[in-house]
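Peer 1: Here it is, the structure in full.
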Amino acid sequence: MAKTLDFILMLTRHDQTVEDCLEVLDSVTPLGLRHIGFKDTGVDRATLRTLGKRIKEAGCTSYMEIVSTTPEACLASARLAAELGVDRLLGGTQAKEILAILKDTHVAYYPFPGRPRGHPTQLDGSPETIAADAGRLAAL
(Lines give C-alpha, C1' and ligand atoms only; values in the text may rest on other atoms or scores of the structure.)
Protein backbone atom coordinates (compact mmCIF):
# COMPACT_ATOMS: atom_id res chain seq x y z
CA MET A 1 0.00 0.00 0.00
CA ALA A 2 1.44 3.36 -1.03
CA LYS A 3 1.76 6.02 1.62
CA THR A 4 0.58 9.53 0.91
CA LEU A 5 2.32 12.66 2.01
CA ASP A 6 0.31 15.50 3.47
CA PHE A 7 1.97 18.87 3.65
CA ILE A 8 0.83 22.45 3.99
CA LEU A 9 1.61 24.69 1.04
CA MET A 10 2.25 28.06 2.62
CA LEU A 11 1.68 31.03 0.32
CA THR A 12 4.49 32.87 2.07
CA ARG A 13 8.03 34.16 1.74
CA HIS A 14 10.19 35.70 4.47
CA ASP A 15 7.48 35.18 7.13
CA GLN A 16 4.85 37.09 5.15
CA THR A 17 1.98 36.19 2.86
CA VAL A 18 3.12 36.87 -0.70
CA GLU A 19 1.52 39.86 -2.38
CA ASP A 20 0.41 37.77 -5.37
CA CYS A 21 -1.15 35.07 -3.13
CA LEU A 22 -4.43 35.00 -5.06
CA GLU A 23 -2.66 34.42 -8.37
CA VAL A 24 -0.42 31.77 -6.82
CA LEU A 25 -3.49 30.07 -5.38
CA ASP A 26 -5.06 29.99 -8.85
CA SER A 27 -1.94 28.35 -10.25
CA VAL A 28 -1.75 25.60 -7.60
CA THR A 29 -5.45 24.80 -7.18
CA PRO A 30 -5.49 22.34 -10.13
CA LEU A 31 -2.76 20.26 -8.44
CA GLY A 32 -5.22 18.74 -5.96
CA LEU A 33 -3.55 20.06 -2.82
CA ARG A 34 -5.49 19.59 0.40
CA HIS A 35 -3.75 21.97 2.85
CA ILE A 36 -2.97 25.61 2.01
CA GLY A 37 -1.93 28.34 4.40
CA PHE A 38 -0.73 31.89 4.83
CA LYS A 39 0.70 34.20 7.49
CA ASP A 40 -1.05 36.96 9.40
CA THR A 41 1.19 39.57 7.72
CA GLY A 42 2.14 40.69 4.21
CA VAL A 43 -1.21 41.62 2.66
CA ASP A 44 -4.24 43.56 3.83
CA ARG A 45 -7.22 42.13 5.68
CA ALA A 46 -9.46 42.16 2.59
CA THR A 47 -6.94 40.07 0.65
CA LEU A 48 -6.64 37.61 3.56
CA ARG A 49 -10.43 37.35 3.68
CA THR A 50 -10.61 36.60 -0.06
CA LEU A 51 -7.70 34.18 0.16
CA GLY A 52 -9.23 32.24 3.04
CA LYS A 53 -12.58 32.03 1.26
CA ARG A 54 -11.01 30.83 -1.99
CA ILE A 55 -8.89 28.20 -0.23
CA LYS A 56 -12.06 26.73 1.24
CA GLU A 57 -13.90 26.99 -2.10
CA ALA A 58 -11.07 24.89 -3.57
CA GLY A 59 -11.93 22.18 -1.02
CA CYS A 60 -8.76 22.66 0.98
CA THR A 61 -8.12 22.99 4.69
CA SER A 62 -7.01 26.56 5.43
CA TYR A 63 -4.19 27.47 7.81
CA MET A 64 -3.10 30.82 9.20
CA GLU A 65 0.20 31.13 11.03
CA ILE A 66 0.82 33.83 13.61
CA VAL A 67 4.19 35.49 13.13
CA SER A 68 3.50 38.35 15.50
CA THR A 69 5.78 38.34 18.53
CA THR A 70 4.10 40.64 21.05
CA PRO A 71 1.25 39.26 23.18
CA GLU A 72 -1.14 41.98 21.99
CA ALA A 73 -0.38 41.34 18.31
CA CYS A 74 -0.78 37.57 18.78
CA LEU A 75 -4.22 38.06 20.31
CA ALA A 76 -5.17 40.40 17.46
CA SER A 77 -4.09 37.68 15.03
CA ALA A 78 -6.27 35.14 16.84
CA ARG A 79 -9.23 37.50 16.48
CA LEU A 80 -8.40 37.81 12.77
CA ALA A 81 -8.33 34.00 12.41
CA ALA A 82 -11.77 33.82 14.04
CA GLU A 83 -13.06 36.56 11.73
CA LEU A 84 -11.66 34.83 8.64
CA GLY A 85 -12.95 31.43 9.73
CA VAL A 86 -9.74 29.59 8.95
CA ASP A 87 -9.71 25.90 9.75
CA ARG A 88 -6.40 25.87 11.65
CA LEU A 89 -4.48 28.57 13.51
CA LEU A 90 -0.77 27.94 14.04
CA GLY A 91 1.53 29.74 16.45
CA GLY A 92 1.36 32.19 19.29
CA THR A 93 2.24 31.43 22.86
CA GLN A 94 -0.75 32.93 24.70
CA ALA A 95 -2.61 29.64 24.41
CA LYS A 96 -5.16 30.18 27.18
CA GLU A 97 -6.17 33.61 25.87
CA ILE A 98 -6.22 32.45 22.24
CA LEU A 99 -8.37 29.44 23.12
CA ALA A 100 -10.82 31.84 24.77
CA ILE A 101 -10.96 33.94 21.60
CA LEU A 102 -11.56 30.84 19.47
CA LYS A 103 -14.04 29.24 21.90
CA ASP A 104 -17.20 29.67 19.83
CA THR A 105 -15.57 29.06 16.44
CA HIS A 106 -14.59 26.00 14.43
CA VAL A 107 -10.93 27.07 14.34
CA ALA A 108 -8.52 24.40 15.61
CA TYR A 109 -5.50 25.83 17.41
CA TYR A 110 -1.88 24.63 17.37
CA PRO A 111 0.27 26.87 19.63
CA PHE A 112 4.05 27.18 19.54
CA PRO A 113 6.02 25.86 22.51
CA GLY A 114 9.12 27.80 23.50
CA ARG A 115 9.72 31.47 22.81
CA PRO A 116 9.36 32.57 19.18
CA ARG A 117 11.43 35.65 18.34
CA GLY A 118 12.21 37.84 15.36
CA HIS A 119 11.42 37.62 11.66
CA PRO A 120 11.79 35.14 10.21
CA THR A 121 10.65 33.55 13.43
CA GLN A 122 13.15 31.45 15.36
CA LEU A 123 12.31 29.26 18.34
CA ASP A 124 14.26 30.04 21.50
CA GLY A 125 14.57 27.75 24.48
CA SER A 126 16.44 24.66 25.53
CA PRO A 127 15.04 21.26 24.52
CA GLU A 128 13.98 20.76 28.15
CA THR A 129 12.19 24.12 28.30
CA ILE A 130 10.42 23.51 25.00
CA ALA A 131 9.37 20.00 26.11
CA ALA A 132 8.01 21.37 29.41
CA ASP A 133 6.15 24.11 27.54
CA ALA A 134 4.69 21.53 25.13
CA GLY A 135 3.43 19.56 28.13
CA ARG A 136 1.81 22.67 29.58
CA LEU A 137 0.14 23.45 26.26
CA ALA A 138 -1.11 19.88 25.84
CA ALA A 139 -2.74 20.09 29.27
CA LEU A 140 -4.88 23.01 28.07
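Peer 1: Among the GluC sites (Glu not before Pro) within segment 13-70, which fall in a DSSP loop and have no more than 14 other Cβ atoms within 10 Å of their own Cβ?
Peer 2: E19
Peer 1: Using heavy-atom solvent-accessible surface (probe 1.4 Å) with all chains present, what is the largest-first order of H14, H35?
Peer 2: H14, H35
Peer 1: Starting from 0.36 nm per residue, how many nanometres of slack lie between K56 and E83 once their C-alpha separation is accounted for?
Peer 2: Here the answer is 8.3 nm.
Peer 1: Report, for the chain, the % of DSSP beta bridges that are antiparallel, rounded to 5.
Peer 2: Around 30 percent of the beta bridges assigned by DSSP in the chain are antiparallel ones.
Peer 1: For T12, tell me the accessible area in Å² from a 1.4 Å probe, rounded to the nearest 10.
Peer 2: 40
Peer 1: Within the chain, what's the longest run with no trypsin sites (Lys or Arg not before Pro) in a DSSP loop and at most 15 other beta-carbon atoms within 10 Å? Give the range, please.
Peer 2: Counting only loop sites that pass the neighbour cut-off, the longest clear stretch is 35-102.
Peer 1: If you roll a 1.4 angstrom probe over the protein chains with everything in place, what fraction of the accessible area of segment 1-104 belongs to carbon and sulfur, to the nearest %?
Peer 2: Of all accessible area on segment 1-104, carbon and sulfur atoms account for 52 percent.
Peer 1: For a quick check of understanding: with a 1.4 angstrom probe and all protein chains in place, what accessible area in square angstrom does V86 have, to the nearest ten?
Peer 2: The accessible area comes out at roughly 0 Å².
Peer 1: In what sequence, largest accessible area first, do S126, S27, S77 appear using a 1.4 Å probe?
Peer 2: S27, S126, S77
Peer 1: Given a 1.4 Å probe, how much area per residue of segment 63-116 is accessible, in Å²? Please report the intermediate quantities before stating the final value.
Peer 2: Details: 2540 Å² over 54 residues.
That works out to 47 Å² per residue.
The values are calculated or read from the model by the stated rules, or taken from the named source; none is laboratory data. Please read these numbers as outputs of a predicted model, since none were measured by experiment. Cβ atoms come from the backbone with ideal geometry, glycine included; neighbour counts cover every protein chain shown. Areas reflect the complete protein model, heavy atoms only, side chains present, ligands, DNA and RNA absent. Shrake-Rupley method; radii C 1.70, N 1.55, O 1.52, S 1.80 Å.
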